[in-house]
Amino acid sequence: MEFFDVANGSLLFVLVGAGIAYVMVQCALFMRMSLKRARELGIDRKVISDTIKSSAVFTLAPSIAVALGLAAMAPSLGIAWPWFRLSVIGSVSYELMAANMATSALGFAKLADAAKAGAEPLGAIMYAMTGGLAGAIILDIIFIKKVDSLAVRLKAKAGDFGVVAIGVLFFAVLAVFVVPFFGQGVVAVATFVTSIVLTLFLAFVAKKFRLAWLGNFILAFSLILSMCSSVLWTAMVK
Amino acid sequence: MENREQYFNRINRFGRISFIIFFVLIFTIPTVVCAVYDIFPGLATVLKATMGLFLILTPIAISEIVSFVPLLGSGASYLTFETGNVSNIKLPCAMNALKLAGVQPASEEGEVLSTISVAVSSIVTTSIILITALLLAPLAPVFSNPAVRTATANVLPALFGALLVSFLAAGDAGSVVVKGQWKAIILPALVVAVVHYLIFPIKGWEGVIILVLLPITILGARFLYKKGQITVVPKVPKA
């Protein structure tokens, strides 16, 4: 049995399809519970509808980057397994690294070499990529409830400062991702600055011309347009 | 109507049970494949291949739980960690949704809206990946196009530029407004700059750095709050 006979075989597609379907059903159930709760809390229908629309549009551009990750992984691992990993649990930033680490631990220099050694390395790679996340999943099961509960309690206990503390938590994430862009070359910096300028400009336009609908899509439009601007910056740098 | 605690317990019970089933499911896939094709690897081989990944991904998970769960709430966290692409799609998407709705994380409304946002986002991402998987051959020229590759390679600067503006500019937090909140990013940004440019590049260590930055950011904000540089004022209703 060859590597790609299994990797692109119908069995793996069926299993992966079932796994993804399970997660999609869960998304639908979580959404149903949340929508019901939103009605109970008296959240305006328009707020809910704006949340749905803005989230859908916002997700489009980064999802194309994930789709590109699938295209990058498919020649080495087939389509089914990367499809599963990128739809469920995986991250486009880690998946290729995870596959390569598993491959090198098996004694192969690269994924392509593992693929030449028959189907057995595929089983080991799939187990390794799954097992590598076992600790993360167990921690999620145990600690999500505890951490959420603690955060709500601390916020309430801290009074007005609780509002500030929760508000600035995301700044730690922003700082970690934003600061390194300045060392990643002209194109990354130019794209970053373009995104800032576009966001400010679109916010100004939405306010000035009272375009409430635009307010919901500022981030999505800035994201897509500044990604496109990176092509221009790359051409100019050359 | 359920009170907050009842809803919280119910969504966590559902999340935990579905996550346990999910845990079994993801191991079932390689197990069935290996059994059917008779390609079971040796235990030692699997352990050797798994250990490196386990040691990298588990600390990242700890950091993500501590950093992201207070922002997302329980329901959205289960979905986010299950569907992946956390810091590049799900977290920014949910934060944007809360910001647009003018509600705070760690509030009842925030929990509900972030769950809706992540559910929608997961469905969209999964649909796009499904379309890509089905059309991989015809889409190959598009994906190999240099312009598409350049644009997608720059998704993070584009994403975080827009996020930076929207989070620094506004301090809308439900019934109150936080003024001067942007000042709280100066300290963590300086710490990251010193570490990244003078000590060691943080690529691959983002999770650990975020974990270290959380108390630093909150303590810095506390200092600014005490000094009156950050204030919380009641929201004035629009006329």
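Of the residues B:24, B:32, the single one that is farther than 24 Å from residue A:140 by Cα, open to solvent by 40 Å² or more (accessible area, probe 1.4 Å) and β-branched (Val, Ile, Thr) is B:32. Just one of the listed residues (A:154, A:150, A:169) is in a helix (DSSP H, G or I), under 27 Å from residue B:191 (Cβ atoms), of a type in the set (A, V, I, L, M) and facing chain B (nearest Cβ under 7 Å), and it is A:169.
Among the residues that make up the stretch B:167-181, is at least one of them touching a residue at least 12 places away in the same chain (Cβ under 8 Å), of a type in the set (D, E, K, R) and under 25 Å from residue A:215 (Cα atoms)? The answer is yes; a qualifying residue exists. May I ask you to verify whether residue B:110 is open to solvent by less than 30 Å² (accessible area, probe 1.4 Å) and at positive phi? Taking the combined requirement at face value, the residue does not satisfy it. Checking the structure you have, find out if any residue of the stretch A:120-136 is modelled with pLDDT under 90 and open to solvent by 40 Å² or more (accessible area, probe 1.4 Å). Checked against the condition, which is being modelled with pLDDT under 90 and open to solvent by 40 Å² or more (accessible area, probe 1.4 Å), the stretch A:120-136 yields at least one hit.
Residues of the stretch B:64-81 that are open to solvent by less than 10 Å² (accessible area, probe 1.4 Å) and of a type in the set (Phe, Trp, Tyr): B:68, B:78. Among the residues making up the stretch B:141-159, those that are more than 7 Å from chain A (Cβ to nearest Cβ) and either hydroxyl-bearing (Ser, Thr, Tyr) or farther than 30 Å from residue A:183 by Cα (or both) are B:141, B:144. The lone criterion from (1) β-branched (Val, Ile, Thr); (2) modelled with pLDDT of 95 or more; (3) open to solvent by less than 10 Å² (accessible area, probe 1.4 Å) left unmet by residue A:142 is number (3). Of all residues in the stretch B:82-91, those that are free of Cβ contacts under 8 Å to residues at least 40 places away in the same chain and either under 8 Å from the mean Cα position of the chain (by Cα) or open to solvent by 10 Å² or more (accessible area, probe 1.4 Å) (or both) total 4. Residues in the stretch B:72-110 that are facing chain A (nearest Cβ under 7 Å) and farther than 25 Å from residue B:129 by Cβ: B:73, B:74, B:100, B:101, B:104, B:105, B:106, B:108, B:109.
Against the criterion of being touching a helix residue (DSSP H, G or I) at 6+ places or on another chain (Cβ under 7 Å) and not assigned by TED's automatic domain parsing to the domain that holds residue B:181, residue B:31 does not qualify.
Quick check: is even one residue across the stretch B:40-47 among the β-branched types (Val, Ile, Thr) and at pLDDT below 90? Yes, some residue in the stretch B:40-47 is among the β-branched types (Val, Ile, Thr) and at pLDDT below 90.
One residue alone among B:103, B:118, B:66 is without any contact (Cβ under 8 Å) to a residue 60 or more places away in the chain and either over 16 Å from the mean Cα position of the chain (by Cα) or farther than 30 Å from residue A:237 by Cα (or both), and that residue is B:118. The criterion of at least 2 residues that are assigned by TED's automatic domain parsing to the domain that holds residue A:220, free of Cβ contacts under 8 Å to residues at least 24 places away in the same chain and hydrophobic (A, V, I, L, M, F, W, C) is met by none of the helices (runs of 4 or more DSSP H) wholly inside the stretch A:9-122.
Have a look at B:176, B:124, B:142 and point out the one that is assigned by TED's automatic domain parsing to the domain that holds residue B:215 and surrounded by fewer than 21 Cβ atoms within 10 Å (Cβ to Cβ). Exactly one of B:176, B:124, B:142 is assigned by TED's automatic domain parsing to the domain that holds residue B:215 and surrounded by fewer than 21 Cβ atoms within 10 Å (Cβ to Cβ), namely B:176. For residue B:195, the conditions (1) open to solvent by less than 50 Å² (accessible area, probe 1.4 Å); (2) within 8 Å of chain A (Cβ to nearest Cβ); (3) among the β-branched types (Val, Ile, Thr) all hold with the exception of (2).
The values are calculated or read from the model by the stated rules, or taken from the named source; none is laboratory data. Remember, it's a predicted structure, so these values are computed and weren't measured experimentally. Methodologically, a virtual Cβ is constructed for each residue, glycine included, from the backbone with ideal geometry; neighbour enumeration extends over all protein chains shown. Protein only, heavy atoms only, side chains kept; ligands, DNA and RNA dropped before computing areas. Shrake-Rupley method; radii C 1.70, N 1.55, O 1.52, S 1.80 Å.
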